[in-house]
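Below: one structure, written as structure tokens.
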Amino acid sequence: MIQQISVFVENRPGALQAMTAVLAENGIDMRAFSLAETSDFGIARIIVNDVYKTTTVLRDAGFVHNVTQVLGVALSDTPGGLDKVLRVLAAADVNVEYLYAFFGGRKGRDAYTIFRVADNAKAAAALAAQGIRQVEQDELLDL
């Protein structure tokens, strides 16, 4: 599993940059990033190189955040790669709450998707049964 940090950020100019400044000033390396917004606030979802340090500096800077266990999957960077994973999850009756993807840099090999699902264990078992490779936090640090 992968630890994702969700940071609640006011939806106003400069608020997101204030959060990224805290990370930059403390040497935090974001490996993946997603931003969802509403009219009043946004949720920045990040995968980082040091979860403990990140949560500490965010707390000290006054940012409300939480840590969530998410599922990381290595996909083939080819047409249909994501569809294959979603078919397996649908067949296993696993609901996908949200996902975001990023690339590892080698064409045709390394696309990664972070999944927030209703049941991590059920999803992991279904994916493993179909030979779909899951990734752990440490692997993302080596990208």
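Bear in mind that the values in this text are calculations on the coordinates, not laboratory data. Everything numeric in this text was worked out from a predicted model, so none of it was measured. Heads up, the Cβs are rebuilt from the backbone with ideal geometry, glycines too, and the neighbour counts pull from every protein chain shown.
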Check: For the chain, modelled as a Gaussian network with Cα springs under 10 Å, which listed residue fluctuates most, Asp119, Asp40, Asp29?
Finding: Asp40
Item checked: Per-selection Rg to Rh, the chain - Cα, Kirkwood hydrodynamic radius -> 0.99
Check: Tell me, what are the semi-axes, in whole angstrom and largest first, of the equivalent ellipsoid of the range 2-69 as set by the roots of 5 times the Cα gyration tensor eigenvalues?
Finding: 18, 13, 10
Notebook entry, point to check: Between Asp138 and Ser39, what FRET efficiency follows from the Cβ-Cβ distance if R0 is 35 Å, with the result rounded to 0.05?
Noted result: 0.40
